[in-house]
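Just so it is clear, none of the values below were taken in a lab; they were calculated from the coordinates. Note that the structure is a prediction, hence the values are computed from the model and not measured. All Cβ positions, even for glycine, are placed from backbone atoms using ideal geometry, and neighbour counts span all protein chains on display.
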Amino acid sequence: MIVAPTAAVTDGRVFPCYPGRQRARGRRVELAHFQGESSTSDKVKGTANQVAGKVKQGVGEATDDPALKGEGRVQEAKGDLQKAVGNAKPAIKKAADL
C-alpha cells in the first residue's frame, strides 16, 4: 500500500512526511516512511528487468536492430536501479528506527 505524502514545514523548510513516522533530533523533523514494496520484491523485479534487458539486447544484435538493443540497455539499467533500491531499503529503515 502506497500512502500519499504530506509536507511539514520546519524552520521555513518543507520536509516530506508520511503518516505514522516522526523523529525528534534537536528540532522536530518528519522522516519519510517507506510503505511501498519490500526490498525483496524490488530485488526480484530488478533481476527480472536485467534478464529481460539482456535478452532484448541479444535479440537486437541477432536481428541487427539498434532500437531493440537500446531498449534492452535501458531495461537492464532499470533493473540495476531497482536492485540498488532493494539493497538500500533495509539500511534506510534501520537508520530511521535508531
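Tabulated data
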item: Positions within the range 45-70 being surrounded by 15 or more Cβ atoms within 10 Å (Cβ to Cβ) and of a type in the set (A, V, I, L, M), in sequence order; result: A52, L68
item: Subset of the range 65-98 (residues that are acidic (D, E) and without any contact (Cβ under 8 Å) to a residue 24 or more places away in the chain); result: D65, E71, D97
item: Any hit, the range 71-88, residues being in contact with a Leu (Cβ under 9 Å, 6 or more places away or on another chain) and surrounded by 18 or more Cβ atoms within 10 Å (Cβ to Cβ); result: no
